[in-house]
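Have a look at the structure below before the remarks.
The values are calculated or read from the model by the stated rules, or taken from the named source; none is laboratory data. Please read all numbers here as calculations on a predicted model, not as lab measurements. Neighbour counts are summed over all protein chains in view; Cβ atoms, including those assigned to glycine, are modelled from backbone coordinates with ideal geometry. Just so you know, the surface numbers come from the protein's heavy atoms only, side chains and all, with ligands and any DNA or RNA stripped out. Shrake-Rupley method; radii C 1.70, N 1.55, O 1.52, S 1.80 Å.
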Amino acid sequence: MDYRNSQTPPPYYGGSSAGLTTQVNTVMRKVYVRMFIGLLISAFCALGIASSPSAIAFFFGNKIVFWGMLIGMFAMAWIIPSRALKMQQGTLLFWFCVFSALMGAWLTPIFFVYRIGTIVYTLFITAGTFGAMSVYGYFTKSDLSKFGSYLMMALFGLIILMIVNWFAHSNTIEWVVSIVGVLLFVGLTAWDTQQIRRLAQANLDPGVTDRLATIGAMNLYLDFINLFIFLLRIFGGGRD
């Protein structure tokens, strides 16, 4: 189900051309609606924690909670897609919402590092960039699947570079990471969108396509969040 790790489409269940178009449109609509719900959950969680000193102390003043939250997000990002076909749709959607809430909690510190005007400004830029690349990925006739392996290698390279800079604390590396991160997730947005569309075209079984919509929403959600974070680092301007 995690199409980032497999290029083999799920089985085709037949149907007319008009039915296929309707199916694809239905899946894509569900993808964007669920992605938007995930972003709303993250935003409300981040704002809620930022406005509560006790919540801030709980999540960021307790090392066990802090590292548990981080490890939990990484584990869920791996487990949810890999177990998607074995979960009930309601369960899958529930865990996506939990993941979105944890991500929102993790993003809380941006309200103390950056000015609110910068955050809002960057959010609009992110939305515009994401929207443009998702539209491109949906309508382009070019086969973007050939770039998938390169994007994945770049992602792993970016993670390694970020780990290195965790210890090096280099402003130059930080700048390079931010630029590469923006370019990478711009590409992943288009690629993920095209992959979702192709899988929706290849499968008309309602049970599978509904799960596809949730996993697609999660992948695009992560593209949006990461694009936002890296753009925020570039436009930065921390609090005075």
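Considering only residues that are within 15 Å of the chain's Cα centre (by Cα) and open to solvent by 40 Å² or more (accessible area, probe 1.4 Å), which ones fall in the range 34-74?
36, 37, 40, 41, 43, 74
Could you name every one of the helices (runs of 4 or more DSSP H) located completely within the range 147-240 that has at least 2 residues being surrounded by 20 or more Cβ atoms within 10 Å (Cβ to Cβ), touching a Phe, Trp or Tyr at 6+ places or on another chain (Cβ under 7 Å) and β-branched (Val, Ile, Thr)?
Answer list for the range 147-240: 171-202.
Check whether at least one residue in the range 81-89 is surrounded by 14 or more Cβ atoms within 10 Å (Cβ to Cβ), of a type in the set (Lys, Arg), under 24 Å from residue 27 (Cα atoms) and free of Cβ contacts under 8 Å to residues at least 60 places away in the same chain, and report yes or no.
Looking through the range 81-89, at least one residue is surrounded by 14 or more Cβ atoms within 10 Å (Cβ to Cβ), of a type in the set (Lys, Arg), under 24 Å from residue 27 (Cα atoms) and free of Cβ contacts under 8 Å to residues at least 60 places away in the same chain.
What are the pairs, 6+ residues apart or on separate chains, where a residue within the range 130-143 that is open to solvent by 60 Å² or more (accessible area, probe 1.4 Å) and among the small types (Gly, Ala, Ser) has its Cβ under 6 Å from a residue that is assigned to a helix (DSSP H, G or I) and at pLDDT below 95?
Note: no pairs meet the criteria.
Which of the helices (runs of 4 or more DSSP H) contained wholly in the range 9-121 include at least 2 residues that are in contact with a Leu (Cβ under 8 Å, 6 or more places away or on another chain) and under 28 Å from residue 232 (Cβ atoms)?
Because the criterion is at least 2 residues that are in contact with a Leu (Cβ under 8 Å, 6 or more places away or on another chain) and under 28 Å from residue 232 (Cβ atoms), the helices (runs of 4 or more DSSP H) in the range 9-121 that meet it are 17-50, 63-82, 89-107, 110-113.
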